[in-house]
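Written below as structure tokens is the structure these notes are about.
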Amino acid sequence: MPYILLLFQYHYKYPHWSVSQMKTGIATTTMASLPQTIILFLLLLGAFAQARDPFACDSKDAKTSSLPFCKVSMPIPNRVTDLLGRLTMQEKVRLLVNNAAAVPRLGIKGYEWWSEALHGVSNVGPGTKFGGAFPGATSFPQVITTAASFNATLWEAIGRVVSDEARAMYNGGAAGLTYWSPNVNIFRDPRWGRGQETPGEDPVLAGTYAASYVKGLQGNNGDRLKVAACCKHFTAYDIDNWNGVDRFHFNAKVSKQDIEDTFDVPFKMCVQDGNVASVMCSYNQVNGVPTCADPNLLKRTIRGQWNLNGYIVSDCDSVGVFYNTQHYTSTPEEAAADAIKAGLDLDCGPFLAQYTENAVTRGLLKEADVNSALANTLTVQMRLGMFDGEPSAQPFGNLGPKDVCTPAHQELALEAARQGIVLLNNRGPSLPLSHLSHRTVAVIGPNSNATVTMIGNYAGVACAYTSPLQGIGNYAKTIHQMGCADVACNDGKLFSGAINAARQADATVLIMGLDQSIEAEFRDRTGLLLPGRQQELVSKVAMASKGPTILVLMSGGPIDVSFAKNDPRIGAILWAGYPGQAGGAAIADVLYGTTNAEGKLPMTWYPQEYVSNLPMTDMAMRSSPNRNYPGRTYKFYKGPVVYPFGHGLSYTNFVHTIASAPKVVTVPLDGHRHSGNATISGKAIKVNHVRCNKLSVGLQVDVKNTGSKDGTHTMLVFSKPPAGHWAPQKQLVAFAKVHVPARSQRRVGINIHVCKFLSVVDRSGVRRIPTGVHNLHIGGVKHSLSLQPATLGVIKS
């Protein structure tokens, strides 16, 4: 066989092979001696052979590429209008679904809208395919872990890497450009199986994460998009399958106060601060109306009040669900009409393709409504460059296999895991371990050699893994025992081996916790304790251990580990979340102090008793003593906790001093809008009657590292509003990261937007700024700030 043909045969059979692998695979002396430059050239030709053809407006098709909608020089709205005018109704309805059909006569190919990129390019959804030139992609820590870094710069950097890899895969024909990520629902109940996908329980944290990650994904190219992100699932969605109630049947009964104060905040920030290109509506109903059929939520709120520049998509089969399962309409045509008129633009599922045309024929829907929906999706595709011809000639057209799983990308995954690990307890201190004293380490537990478990759900195929066992093995000799066959830990057959290993080692590290068999989509937890006999294993190993015993927990949701927290034989506890492909290396780096712990919990860790009589279906956020209801999240729950929101220790000590901060801030009223009682009621000013634009509070905070180790400090700023029935007990208003070398000091500037972050929401769902003293808390330091209206007017108490 000619050498070139032989080479191409190997290239197409093993397209991910390196040149050296190719040369090894071709077992002829002559071929193996072929110059590497020639092989690289031939490989490049092969790569071009696999490159994506234009989606539309192919310059090789003179008939279609000359049409106005293909003219890049024209404004996008004009191009969209031209294209809509050329489509038949039959063609239009087939573009309303995720697997949009081709329009061959106009040179437009079919397109799969559904791809995912929650924490790396994912293989969930039919739009992305791994294999060939793209055997894997960088798998970052699960979102709940990355959120624990409280580092907006990191979140945006991760988004940039993910979009680089997504564009590379798109150019290679292996992915789309529309990614239905991130998930920014509030982690309201600790049992929710999908809480791991979210940035946690605080609306401001979740909203900041959303805006930052979306900016990284979509790029900073003006109205042009690198990829199109999507914030989901709107709104009040946080039950999958609990106690016989599932997401397809659930009606979330939510007050206007909680909608405005909690559930909608991350989505509003995602749209207004992140300029996201899409929002996904959820399966559940809110107050009796399916979210995907609610014009108040979609048309009036997302598009009207927040000015979404993009499209609204349903969760998969949501339209079919509210017709077939919730029986919200009498006919499928009514369901299709209700969804589109409510503001839905794209159906993940076949429903709109099947029933929209008949809905128009029966007068339930106008063709203009269909055109409005398509205008939103087509505009996003044009902003992505999908109607601009040859992809390789466009921005990001040079990205390819060489830009996926790069050393820099994988290093960022490792750094993200390091920043997200939370040191919960450190008795003695027992950590960091010593290279000299702890040369032999017993590594025990069902997650001790975890790989796939570390990437959580909505993940893809990782570039490579470093398990905890491998990571610790880079620092010490290891003795490995599972202790439990899996996280269910239903028997004690393997206990004795684990106990014996602990007796022999200089230190013992137990890596316990959960995985997707315990918490996942459509799998909510029944309780908060470690599964099966894990607790028994931990206690027995700790009792037998010759050296310090360290407990490392992998999980998305909180775990009641009060037994370990109170056991003097357990020296330290780490929470690693699901730390991504490099999780084992990050865990080992923190254990041995190569990296100082810096993560903070993005959710409250409750005791088991908290959920014993608490229905997941009760959506109220605020506590109610009258009905023995404890409230939700750190903002409203006042009972005992295992670990509070924002908890996280370091190997050093940081001290705060407020260098400068105002004591009084005047709140300027909008003279054209305010009038007495309507503006100022209950000593609180309506936000929409305030000139908010540049109204912020500036603080200068000195952070001093009084310890002997360098460290990065995660500074959280909370506000306690003036007392009142509207107000939470405290709320996060700002956060920042600062690296402070040992025995040195750094100054950190903080700006707090008054209208966004020092406001509260009244019972009618109206956001107001309480006048009077707001106490700002930074660690153990308190600063009192008085907010006063520029004109008091009439105050009604």
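The values are calculated or read from the model by the stated rules, or taken from the named source; none is laboratory data. Here the structure is a predicted model, which is why all the values come from computation and not from measurement. Every residue, glycine among them, receives a Cβ derived from its backbone with ideal geometry; neighbour counts consider all protein chains shown. We work out accessible area using only protein heavy atoms, side chains counted, and drop any ligands, DNA or RNA first. Shrake-Rupley method; radii C 1.70, N 1.55, O 1.52, S 1.80 Å.
Table for the structure above
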item	result
First in region 95-114 and under 18 Å from V370 (Cβ atoms), second anywhere and assigned to a helix (DSSP H, G or I) and open to solvent by 50 Å² or more (accessible area, probe 1.4 Å), Cβ under 9 Å, 6 or more apart	V97/Q354; V103/R86; L106/R86
Residues satisfying the stated conditions in region 304-319, i.e. surrounded by fewer than 21 Cβ atoms within 10 Å (Cβ to Cβ) and either in contact (Cβ under 8 Å) with a residue 12 or more places away in the chain or not polar (S, T, N, Q) (or both)	G304, W306, N307, N309, C316, D317
P203 vs. criteria open to solvent by less than 10 Å² (accessible area, probe 1.4 Å) and touching a strand residue (DSSP E or B) at 6+ places or on another chain (Cβ under 7 Å)	no
Residues satisfying the stated conditions in region 530-580, i.e. of a type in the set (D, E, K, R) and either within 23 Å of G193 (Cα to Cα) or within 33 Å of the chain's Cα centre (by Cα) (or both)	R533, D560, K565
Wholly within region 504-610, helices (runs of 4 or more DSSP H) carrying at least 2 residues that are under 26 Å from L118 (Cα atoms) and in the same structural domain as C316 (by the TED database)	none
So R627, is it outside the structural domain of Y465 (by the TED database), open to solvent by 10 Å² or more (accessible area, probe 1.4 Å), over 21 Å from the mean Cα position of the chain (by Cα) and without any contact (Cβ under 8 Å) to a residue 12 or more places away in the chain	yes
Residue in region 216-230 that is open to solvent by less than 20 Å² (accessible area, probe 1.4 Å), among the β-branched types (V, I, T) and assigned to a strand (DSSP E or B) present	no
Restricting region 589-619 to residues that are more than 25 Å from the chain's Cα centre (by Cα) and farther than 29 Å from N243 by Cβ, the residue that is surrounded by the most Cβ atoms within 10 Å (Cβ to Cβ)	L591
Every pair of residues 6+ apart whose Cβ atoms lie under 8 Å, when the first sits in region 450-461 and is closer than 20 Å to L510 by Cβ while the second is acidic (D, E)	A450/D515; T453/D515
Criterion: within 26 Å of G556 (Cβ to Cβ) and surrounded by 24 or more Cβ atoms within 10 Å (Cβ to Cβ) - qualifying residue of A157, A152, A148	A148
Given (1) open to solvent by less than 20 Å² (accessible area, probe 1.4 Å); (2) farther than 30 Å from H753 by Cα; (3) out of contact with any Ser or Thr (no Cβ under 9 Å at 6 or more places or on another chain), index of the condition E165 fails	(3)
Residue within region 469-479 that is surrounded by fewer than 17 Cβ atoms within 10 Å (Cβ to Cβ), more than 30 Å from A133 (Cα to Cα), free of Cβ contacts under 8 Å to residues at least 60 places away in the same chain and not β-branched (V, I, T) present	yes
Residue within region 410-418 that is part of a loop (DSSP other than H, G, I, E, B) and touching a residue at least 12 places away in the same chain (Cβ under 8 Å) present	no
Total residues in region 303-350, condition of a type in the set (A, V, I, L, M, F, W, C) and under 13 Å from N376 (Cα atoms)	6
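Residue-by-condition table, conditions (1) in the same structural domain as G107 (by the TED database); (2) closer than 23 Å to R167 by Cα; (3) modelled with pLDDT under 50:
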{"residue": "L45", "(1), (2), (3)": "no, yes, yes"}
{"residue": "P54", "(1), (2), (3)": "no, yes, no"}
{"residue": "V72", "(1), (2), (3)": "no, yes, no"}
{"residue": "T81", "(1), (2), (3)": "no, no, no"}
